[in-house]
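The next block holds one structure in the form of structure tokens; read it before the comments.
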Amino acid sequence: MASTQHHPSHVLLSPAELAYLHDSLLLVPPIRPDGRGPNDFRPLVAETGILPGANGSARICFADGTEAIAGVKAEVERTARRAGDDTVFLEEGGGEAGDEREEDGEDGEAGPGALGEASGRKGERKGEAAWVELTVEIPGVRDDDSGTVFVAAMLSEALLADGELVRRLWINRRFHWKLYIDIILISPPLSYPLPLLSLTTHLALLATRLPRLKSEGDEDPFFDDDWAAAPYLFPRSPSRGRPAARPPITLLVMAVGNNILFDPSKEELAVADVALAVSVTSGASQAGPGGNAADASGPSQRSLRLLSIRTIDPPSRLTPPGVANAANAAYGAANLNNLGSSAQQQKAAEARTAETEAVEGVWRAPRGGASRAVLAALVGKVLEKGGVVDEVLDALEAVDLG
Amino acid sequence: MTDRRRINGPPGETIPPFFDDADRAPETAKGRFRPSNAIRKMFLKTGVTPSASGSAYLEISTSAKPGASGLKLSCSVHGPRSLPRSAPFSPHLVLTTHVKYAPFATRQRRGYLRDSSERDLSVHLETALRGAIIADRWPKSGVDIIVSILEGDQERETSRSQGDEVWEMMNALSGCITVAAAALADAGIDCVDTVAGGVAALVQDTDGDESQPSIVLDPVPSEHAKILAACCVAYLPTRDEVTNLWFRGDVPASDMELYNSLVEKGIQASRNANRVLVGCLTESVGEGDTS
């Protein structure tokens, strides 16, 4: 029951309003209640570095008043040793480990060349999913509520899917950074909060800096206490001062009929046929070796990678159905007894069709799933070159990371 | 004076035995023993819990490798029954799903309280089933669907399979969907179709980059060197619709073909599972007629 209370379906729209909204979203082009185009995001205000006590932080405020803060804190943690891992590093000489450390130093500076070099040894640096801990708090909802857990699982799934983030947390073979990402929705959830939380996390991770490592090899880590020298977790390319690799973002996209709408509001989700959350990242490995070329030719050269897709249970399935005239007592369904038997049968047949077949202008919660073609179109639209993802990433790049 | 009332531990410290198995052949993926387009055999039976209004039990055969166990799931459906008086009005059947691993089901013990991965699974299951149920035939009522995972789909002996939990979750979800659909049918709750789960994965069979990744149905993580991407699909065969899609992995966005064929294979796996489901349901209907 708890899940139904905060459920986004509890927009108080009548069946008639839902039918109207659904029909206007079915038009070509769709008419959205707030006048946006199908690919437009709601305008947003973003800033980073707002929490002095965190390694990285961000705040995003959507125009509809939803607002979220994300803070990233890092702690050094000893890497658990497992039987079966190569646990020989205690016997190993320092020389080899030292060489490796020097390479890592270059990696930290993140010249495009260093990235290419680093990719050769990537197999060696391996992170674990447990190194990132993500919590989401949504006001008015218990933090073990399944909806909140689902959102948190989706966000961390995107962060962990390609293993790129945890690889960056590797310090040496004995220690790693443990990253705590805490996301708080400040406002009540006026719409499905997933895109907001994802974008906030993205910015917070971009702004995250970890202290510069001074120790070498596998010795106990020792850090530079000059915060100004701390490198970014996602280092920027020197030519443009922008991050070369970026953390993933998760977008919410829904379909009504064959129309595909991005960043749906709560009211639009209430009439969705299908809603998907799609996580994408802009490829770091491809951008690395040819970093300069990619920088010169602009953001359209970004190579996107698909990380995860989840179906969101569209709240439209919980909306109250409208009653067609044929089945409505006020319009003659109650007068069946007064009619002749043939007319009675016909009326009864009409009442049956009202239950099974859609009547125009009468809202009925969608049944069944989404066809394959629609699902493929949704994902294709997200991954389109020069599409919405590029737009969003461009917009986020413009945010000053302080 | 020794304490004789209790059974005490040894007085000194002990060192747990550590077996040096360096001379044994290194643990490698054992390979797949069935064709890439076949799912493992499964056993499904409805009506196993008399006190529930509908129930089902699903067992997926173990792989050929000894020490790896198959998935064993039991599902019970309680309801439809009227909502408590305190609950707000609902024009639909209120679906509550509950997925729980038994504490002994996996290599690492699970607590009695549901952890976040189990809650996550129940949301996935709810999404998959909500599309199949005709919920507006039961206003003001609720149904509880409880799936217990008695035995997880895990390899017991090695420490090799680090990070496989995610892929095992997908296998568990597809089992949950199939068994819950059988239990729903057993409870006589109207559905548009029987929904079944299927998993397909993009795997690499040998370590190293030279081998070409291939797509297999119903992947067992211990049988493959590396799983690159996987998707779990809940599919309604007669309507040709997907009620739940869960994809995870790392696929270049330019390669939509790869993604689409992965989903297609997931649907194929789901069709195979659905055949077992329909067979089981017709069988139980036949039994009902004779008795």
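The values are calculated or read from the model by the stated rules, or taken from the named source; none is laboratory data. Because the structure is a prediction, the values reported are computed rather than measured. As a convention, Cβ positions derive from the backbone with ideal geometry for all residues, glycine included, and neighbour counts pool all protein chains shown. When the accessible area is computed, the model is the full protein with side chains, heavy atoms only, and any ligands, DNA or RNA have been set aside. Shrake-Rupley method; radii C 1.70, N 1.55, O 1.52, S 1.80 Å.
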Note, segment A:61-75: 3J(HN,Hα) by Karplus (6.51, -1.76, 1.60, θ = phi - 60°), whole Hz, Gly/Pro = x, goes 10, 7, 5, 7, x, 7, 9, 9, 10, 10, x, 10, 10, 10, 10
Seen from all sides and averaged, what is the projected area of the convex hull of the Cα atoms in segment B:89-239, in nm²? 10.4 nm²
Plugging the Cβ-Cβ distance of A:Asp143 and A:Ser14 into 1/(1 + (r/R0)^6) at R0 = 25 Å yields, to the nearest 0.05, a FRET efficiency of 0.15
Can you list the HN-Hα couplings for segment A:128-140, worked out from phi with the Karplus curve (6.51, -1.76, 1.60; θ = phi - 60°), rounded to whole Hz and with x for Gly and Pro? 10, 4, 6, 7, 10, 10, 10, 10, 10, 10, 10, x, x
Please list the helices of chain B that count as membrane-span-like by this rule: a mean Kyte-Doolittle hydropathy of at least -0.5 together with Cα atoms stretching 24 Å or more along the helix axis, each helix being a complete DSSP H run. B:165-187, B:256-290
For the pair B:Glu264/A:Ala373, report the inter-label distance in nm, with labels modelled 7 Å from Cα in the Cβ direction. 1.6 nm
Accessible area lost on pairing B with A, both sides, 1.4 Å probe, Å² to nearest 100? 3900 Å²
Under 5 Å from the placed amide H of A:Ile312, counting only residues 5+ away or on other chains, we find A:Ala275, A:Leu276, A:Ala277
Segment A:124-171: GluC sites (Glu not before Pro) in DSSP loop, at most 12 other beta carbons within 10 Å: A:Glu124
Amide hydrogen neighbours beyond the local backbone of B:Thr97, cut-off 5 Å, H modeled: B:Ile145
Rounded accessible area of B:Met42 (nearest 10 Å², 1.4 Å probe): 40 Å²
Over segment B:35-290, what is the relative contact order in whole percent, taking alpha-carbon pairs under 8 Å and six or more residues apart? 21 percent
Whose amide H sits under 5 Å from the amide H of B:Thr243, counting only residues 5 or more places off or on another chain, with H placed in the peptide plane? A:Ala370, B:Ala234, B:Tyr235, B:Leu236
Here P(r) for segment B:35-290, Cα-Cα distances in 10 Å bins, as whole percents, is 7, 31, 36, 19, 6, 1, 0
Relative compactness, segment B:66-126, computed as alpha-carbon Rg over 2.2 N^0.38 Å: 1.48
Which percent of the accessible area of chain B is formed by carbon and sulfur heavy atoms (probe 1.4 angstrom)? 53 percent
Phi-based couplings in Hz for segment A:250-267 (Karplus 6.51, -1.76, 1.60; Gly and Pro marked x): 10, 10, 9, 9, 9, 10, 10, x, 9, 8, 10, 10, 9, 6, x, 7, 4, 5
Looking at segment B:91-200, which GluC sites (Glu not before Pro) are DSSP coil and have at most 14 other C-beta atoms within 10 Å of their C-beta? B:Glu157
Cross-link partners of B:Lys72 among lysines (Cα-Cα below 18 Å; sequence separation of 8 or more within a chain): B:Lys41, B:Lys45, B:Lys100
Which residues make up the longest stretch of chain B clear of chymotrypsin sites (Phe, Trp or Tyr not before Pro) that lie in a DSSP loop with no more than 15 other Cβ atoms within 10 Å, not counting the sites? B:113-291
Kindly provide the helix-only [θ] at 222 nm of chain B, computed as the sum of -39,500 (n - 2.57) over DSSP H runs of four or more divided by all residues, to the nearest 500 deg cm²/dmol? -9000 deg cm²/dmol
